[in-house]
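The values are calculated or read from the model by the stated rules, or taken from the named source; none is laboratory data. All figures in this text were calculated on a predicted structure; none of them were measured in a lab. Every residue, glycine among them, receives a Cβ derived from its backbone with ideal geometry; neighbour counts consider all protein chains shown.
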Amino acid sequence: MTYEKIRQDEAIKAYIRHADASLTALGYTEHSFAHVGFCAETAGRILETLSFPARTVELAKIAGYLHDIGNLVNRVEHSQTGAIMAFRLLDERGFEPDEVAIVATAIGNHDEGTGVPVNDVAAALILADKCDVRRSRVRSKDFATFDIHDRVNYSVTASSLSIDKDSSTALLELSIDTQVCAIMDYFEIFMGRMLMCRKAAHRLGLKFALVVNGQEIM
């Protein structure tokens, strides 16, 4: 069973759509196919760049694609709920127990409230998820309705996560429109996520660096 088959699975697509619909109703930023697709491809790219086995790369992609399905049930503790859902889905589709365990563990540990990069797939998923900051994730086009999360995401005009094996660095580069959001507002919202990225990078033998508007912050 491959990532591509999971991505084309109609039942899983339905769960992702409904999970995102719940977050739409709650006023959260986009968590649909654009986000989970980004997380899948980025988590896989991180481990591939670091020369992990092809199957581990595939499992990271699957974890990235499934990581937010727990929002279908409730936003609260969605990582744990999503891990249980992923356990059932992968088990039913014939995955080996060790692979089910790796993916479920990664999903259950991706949220900054309770998550820890306890395995390599979890570390790659954390980096991919927390670095997906971009203007297009903001649903509303009415700036007057933005809360601070909307302003922070909308202020990011460009973002890039790169892995440099030579310097053993995971580098997140952001361009922020400070007319929309002050850089300090970004840290007010995302400092916990950036610290989690540092731990995830360390798990993979990397340093985590953050550059905002050309200036190194972390």
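Applying a threshold of 6 Å to beta carbon distances and a minimum spacing of six or more residues, or different chains, the list of pairs starting in the stretch 44-70 at a residue that is without any contact (Cβ under 8 Å) to a residue 12 or more places away in the chain and at negative phi and ending at one that is in a helix (DSSP H, G or I) and surrounded by fewer than 24 Cβ atoms within 10 Å (Cβ to Cβ) reads E48/V57. Residue count for the stretch 29-52, restricted to those that are within 15 Å of the chain's Cα centre (by Cα) and either among the aromatic types (F, W, Y) or assigned to a helix (DSSP H, G or I) (or both): 15.
Here the stretch 10-25 is the region considered, the condition is being without any contact (Cβ under 8 Å) to a residue 40 or more places away in the chain, of a type outside the set (A, V, I, L, M, F, W, C) and surrounded by 11 or more Cβ atoms within 10 Å (Cβ to Cβ), and the residue that is farthest from A54 (Cα to Cα) is R17.
Does G82 count as outside any helix (DSSP H, G or I) and not hydroxyl-bearing (S, T, Y)? Against the criterion (outside any helix (DSSP H, G or I) and not hydroxyl-bearing (S, T, Y)), G82 does not qualify. Determine the pairs where a residue that is surrounded by fewer than 16 Cβ atoms within 10 Å (Cβ to Cβ), located within the stretch 95-117, has a partner that is of a type in the set (S, T, Y) and not in a loop (DSSP other than H, G, I, E, B) with Cβ atoms under 9 Å apart, the partner being 6 or more residues away or on another chain. Here the result reads G113/S79; T114/S79, each pair linking the stretch 95-117 to a residue that is of a type in the set (S, T, Y) and not in a loop (DSSP other than H, G, I, E, B). If only residues of the stretch 203-215 that are at negative phi and assigned to a loop (DSSP other than H, G, I, E, B) are counted, the one that is surrounded by the fewest Cβ atoms within 10 Å (Cβ to Cβ) is L204. Inspection of the stretch 56-70 identifies at least one residue that is more than 11 Å from the chain's Cα centre (by Cα), crowded, with 18+ Cβ neighbours inside 10 Å and under 19 Å from R137 (Cβ atoms). Of all the listed residues (R151, R93, R135), the sole one being modelled with pLDDT of 95 or more and more than 25 Å from L204 (Cα to Cα) is R93. Listed by first and then second residue, the pairs with beta-carbon distance under 7 Å, at least 6 apart or on different chains, first residue in the stretch 80-93 and buried (at least 18 other Cβ atoms within 10 Å of the Cβ), second among the β-branched types (V, I, T) and not in a helix (DSSP H, G or I), are T81/V73.
When you look at I6, is it β-branched (V, I, T), crowded, with 19+ Cβ neighbours inside 10 Å and over 23 Å from A200 (Cβ atoms), yes or no? Answer is no for this residue.
Identify the residue in the stretch 168-187 that is over 30 Å from E48 (Cβ atoms) and touching a helix residue (DSSP H, G or I) at 6+ places or on another chain (Cβ under 7 Å) and, among all such residues, is modelled with the highest pLDDT.
D177
Within the stretch 26-36, the residues that satisfy the criterion of being surrounded by fewer than 16 Cβ atoms within 10 Å (Cβ to Cβ) and either small (G, A, S) or touching a residue at least 24 places away in the same chain (Cβ under 8 Å) (or both) are L26, G27, A34.
One residue stands out in the stretch 159-180 among those that are exposed (fewer than 14 other Cβ atoms within 10 Å of the Cβ) and touching an Asp or Glu at 6+ places or on another chain (Cβ under 8 Å): the one that is farthest from L23 (Cα to Cα), namely S162. Any chance the stretch 189-202 includes a residue that's within 26 Å of A60 (Cβ to Cβ), in contact (Cβ under 8 Å) with a residue 40 or more places away in the chain, surrounded by 13 or more Cβ atoms within 10 Å (Cβ to Cβ) and among the charged types (D, E, K, R)? Yes.
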